[in-house]
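Okay, so here's the structure we're looking at.
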Amino acid sequence: MKLSLMAAISKNGVIGNGPDIPWSAKGEQLLFKAITYNQWLLVGRKTFESMGALPNRKYAVVTRSSFTSSDENVLVFPSIDEALNHLKTITDHVIVSGGGEIYKSLIDKVDTLHISTIDIEPEGDVYFPGIPSSFRPVFSQDFVSNINYSYQIWQKG
């Protein structure tokens, strides 16, 4: 099973402030919607509750709480390992989509990074763990918007 990771990161490494993303760069969320369309997303409970279930996606939600979901497109797991073990039996690709703890736990296990770098330095309390040196950029595109941003694809190796 291929693991990808998708994140929007400010210039100072912030990815969240509590349950919120501390910016709104017009157009950037369209990248997320396009790349994750019809895919399995692996997320933590707080991230899932913040973003909600987007249409045409399936979710593996990892939580230590008693969170449950009656949505047929949402599976809940008590650990990342249990989620991955189940997902590899039903799909060949999963996109790790946050939050901070999930990124930190899985960044060394993913094959591809989809990173939007937002040209802002907001206050926040959730940070991206950083891109490991084992990754190399293979694509980059800059976008001019109300808050400028760049989108990059990084491959391991």
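What follows draws every value from the coordinates through simple rules; no lab data is involved. Keep in mind it's a predicted model, so treat the numbers as computed, not measured. Neighbour counts are summed over all protein chains in view; Cβ atoms, including those assigned to glycine, are modelled from backbone coordinates with ideal geometry.
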Stokes-Einstein D for region 33-94 at 20 °C, 1.002 mPa s, Kirkwood Rh over Cα pairs, in µm²/s?
-> 182 µm²/s
Rounded to one decimal in nm, the spacing of the 7 Å Cα→Cβ label points at Gln141 and Lys109 is 3.0 nm
Largest first and to the nearest Å, give the Cα extent of region 86-129 along each principal axis.
-> 40, 18, 16
What do you get for Rg/Rh over the chain if you use C-alpha atoms and the Kirkwood form of Rh?
-> 0.94
Among 66-73, 29-36, 46-53, 85-92, what's the highest-first ranking by average C-beta atoms within 10 angstrom per residue?
-> 46-53, 29-36, 85-92, 66-73
Inter-part distance where region 114-157 and region 1-61 are each reduced to a Cα centre, Å | 13 Å
